[in-house]
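The values are calculated or read from the model by the stated rules, or taken from the named source; none is laboratory data. The structure presented is a predicted model; accordingly, all values stated were derived computationally and were not measured. A quick note on method: Cβ atoms are made from the backbone with ideal geometry, for glycine too, and the neighbour counts reach across all protein chains shown. Heads up: the accessible areas ignore ligands, DNA and RNA and are worked out on the full protein's heavy atoms, side chains in. Shrake-Rupley method; radii C 1.70, N 1.55, O 1.52, S 1.80 Å.
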Amino acid sequence: MEKNDPEGALSGLRVLDLSHGIAGPFAARLLGDYGADVIKIERPVTGDFARTLAPLKNEAPFPEQSLLFQYLNWNKRSIALDLKLAENRAVIQALVMQSDIVIESFRPGRLQEWGLGVDQLLEWKPSLVVTSVTNYGQTGPYAQYAASDLTLQAMSGIMQISGQVDRAPLKHGLSQSFYCAGLTAAYASIMAYTAAQADQFGEHVDVSIHECLSSELVLNESYYAFLGAVQGRRAIVQDPFAGEPIATRKGYLAFQTGGGAPFETLAELFERPEFLEKRFSSPPEREKRVPEVKALLEECVKNRDAKEVFLAGAKMRLLLGVVQSAEDLLACEHLQERHAFVELEHPSTETRIRFPAELAKLSATPSSVRRRSPKLDEHRQEILSQIKGPA
């Protein structure tokens with residue numbers, strides 16, 4: 001952090017990150033972004049398994065190749081410790097006693113097997129918040145089951161409503177289940193910490209990735225619980241104003257009704273009076289002639305760029321969206337104006353890489369990237385020199 005930069009909202013908060021992968025490390029990094037001092041404990045030699053996750057920068061030495069690891073672990077310091085070894089117990093205890101929040105993502109019961117269960121951690125630091133991020137939570141018949149982003153999306157019900165009705169359920173892209181859980185773990189940890197500061201009683205926060213996703217199906221579950229109806233996947237033939245994006249000369253454009261402008265505004269945007277007619281302006285009428293409506297839209301945009309139509313339509317309060325690629329996002333003038341990206345130097349090369357950096361803007365205590373992601377065990381001496389011996 002620069003000398004004149006304001007302190008983060010969580011400045012003074014101490015976080016011990018025992019987690020691995022995506023969800024737990026993302027939660028810990030979010031706390032670090034707003035000023036928390038985050039120490040990451042990793043396995044010796046190999047470190048967090050996320051260090052092997054693509055995309056990889058092959059010219060960098062192992063285990064510093066993963067760009068995803070860089071994204072999930074900036075604003076942290078790293079020390080390599082084998083949690084299973086009794087010889088490391090004193091250091092771990094000292095780190096716990098100096099922490100306010102511990103975030104872990106081991107299989108339920110694993111830390112208990114190593115003598116580092118929640119009860120032991122709270123004995124060392126009674127006001128501590130321990131946040132556990134696991135596939136199915138700490139209890140229940142599925143608690144010990146392995147899972148992946150794909151299986152969690154399936155089990156949560158998200159896949160059941162994704163895709164087209166005549167085809168198999170469709171998985172959403174990327175690892176959305178883990179990022180959703182990471183966000184939940186971050187805010188739940190802060191809530192528990194606030195309570196612990198008030199009464200000095202610690203708390204165990206149990207975050208189930210499965211439940212984080214299932215909770216997003218509010219309408220789906222309500223439809224079934226109260227109406228007995230099942231929300232299905234998209235119809236094969238659907239109103240183009242609620243269906244698949246339309247191809248333009250350059251890029252794809254998604255259309256949707258609403259947004260504050262009457263449907264007939266499309267007649268002005270495209271200079272096509274057909275949009276004034278009931279056969280196009282009425283949703284039930286459009287559904288009767290989907291191919292005709294789609295053909296008209298395709299004709300209207302075939303010689304125009306998606307971005308140009310979006311900008312023109314948005315100014316008229318029409319609901320339009322460009323299907324943006326990664327290249328489009330990095331060049332997006334709106335994201336640039338809001339400083340949505342940060343450029344960081346790779347830990348082992350001179351390469352500078354752009355990452356999305358800010359989820360929420362705080363006016364007085366903004367987030368900041370104060371340090372790049374750590375090399376494995378990079379801060380061992382610094383951390384050991386700062387901790388005090390166990391009481």
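Sites listed here are GluC sites (Glu not before Pro) in the stretch 349-391 whose DSSP assignment is loop and whose Cβ has at most 11 other Cβ atoms within 10 Å: GLU350. Only protein atoms count toward the accessible area here, which uses a 1.4 Å probe; on the stretch 238-360, the carbon and sulfur part of that area reaches 51 percent. Here THR139 sits with roughly 100 square angstrom of accessible surface, probe radius 1.4 Å. The C-alpha atoms of the stretch 59-105 occupy a region whose extents along the principal axes are 37, 23, 18 Å, arranged from largest to smallest. Can you give the FRET efficiency for THR194 and GLN98, using 1/(1 + (r/R0)^6), R0 = 22 Å, r = Cβ-Cβ distance, to the nearest 0.05? Working from the Cβ atoms, E equals 0.70. What the Kirkwood sum gives for the stretch 1-81 is a hydrodynamic radius of 13.2 Å, with every pair of different alpha carbons counted. As a length-normalised measure over Cα pairs under 8 Å and 6 or more apart, the relative contact order of the stretch 227-361 settles at 25 percent.
Taking all protein chains together and a probe of 1.4 Å, list GLU298, GLU64 from the most accessible to the least accessible.
Ranking GLU298, GLU64 by accessible area, largest first, yields GLU298, GLU64.
Computed about the Cα centre, the dipole magnitude for the stretch 265-358 is approximately 500 debye when only Lys and Arg (+1) and Asp and Glu (-1) carry charge, each at its Cβ.
Looking at the stretch 240-280, the trypsin sites (Lys or Arg not before Pro) that sit in a DSSP loop and have at most 14 other Cβ atoms within 10 Å of their own Cβ are ARG249. Figure legend: label point modelled 7 angstrom from the Cα of GLU285 along Cα→Cβ; residues of the stretch 242-266 with amide N under 16 Å from it are 262-266.
Checking the cross-link pairs LYS171/LYS307; LYS57/LYS125; LYS40/LYS307 against a 32 Å limit on the alpha carbon distance flags LYS57/LYS125; LYS40/LYS307 as lying beyond it. Solvent-free Debye calculation, one equal scatterer per alpha-carbon of the stretch 307-366: log10 I(q)/I(0) at 0.12, 0.19, 0.30 Å⁻¹ equals -0.45, -0.87, -1.19. In a DSSP loop and with at most 11 other Cβ atoms within 10 Å, there are no chymotrypsin sites (Phe, Trp or Tyr not before Pro) in the stretch 1-94. Think of each Lys and Arg Cβ as +1 and each Asp and Glu Cβ as -1; about the Cα centre, that makes the dipole of the stretch 127-221 roughly 260 debye. In this structure TRP124 has an accessible area near 40 Å², from a 1.4 Å probe over the protein heavy atoms. For the chain, the antiparallel share of DSSP beta bridges with both residues in that region comes to about 35%. Starting from one equal scatterer on each C-alpha and no solvent at all, send me the Debye-based log10 I(q)/I(0) for the stretch 25-164 at q = 0.15, 0.20, 0.21, 0.22 Å⁻¹, two decimals. Those come out to -0.92, -1.38, -1.43, -1.46, one per q. In the chain, the alpha-carbon atoms span a convex hull of 188 Å³ per residue. In this structure the chain gives 52 Å² per residue of accessible area when probed at 1.4 Å with all protein chains present.
Report Rg(Cα)/(2.2 N^0.38 Å) for the stretch 117-211, keeping two decimals. Mind dumping the intermediate values first?
Details: Rg = 16.7 Å, N = 95, 2.2 N^0.38 = 12.4 Å.
Computed over Cα atoms of the stretch 117-211, the ratio equals 1.34.
Taking the 1.4 Å solvent-accessible surface of the stretch 1-60 as the whole, the part contributed by carbon and sulfur is 53%. Surface composition of the stretch 145-217: carbon and sulfur make up 62 percent of the accessible area, probe 1.4 Å. Between ALA312 and ASP82, the modelled label-to-label distance comes to 6.8 nm, taking each label 7 Å out from Cα in the direction of the beta carbon. Distances over 16 Å make up what percent of all Cα-Cα pairs in the stretch 241-319? In whole percent, the share of Cα-Cα pairs in the stretch 241-319 beyond 16 Å is 47. Within the assembled protein chains, the solvent-accessible surface assigned to TYR179 is about 50 Å², based on a 1.4 Å probe.
The charge dipole of the chain, taken about its Cα centre with unit charges on the Cβ of Lys, Arg, Asp and Glu (plus for the first two, minus for the last two), comes to roughly 380 debye. Each peptide in 327-337, 98-108 receives the mean, over its residues, of other Cβ atoms within 10 Å, and ordering these scores from highest gives 98-108, 327-337.
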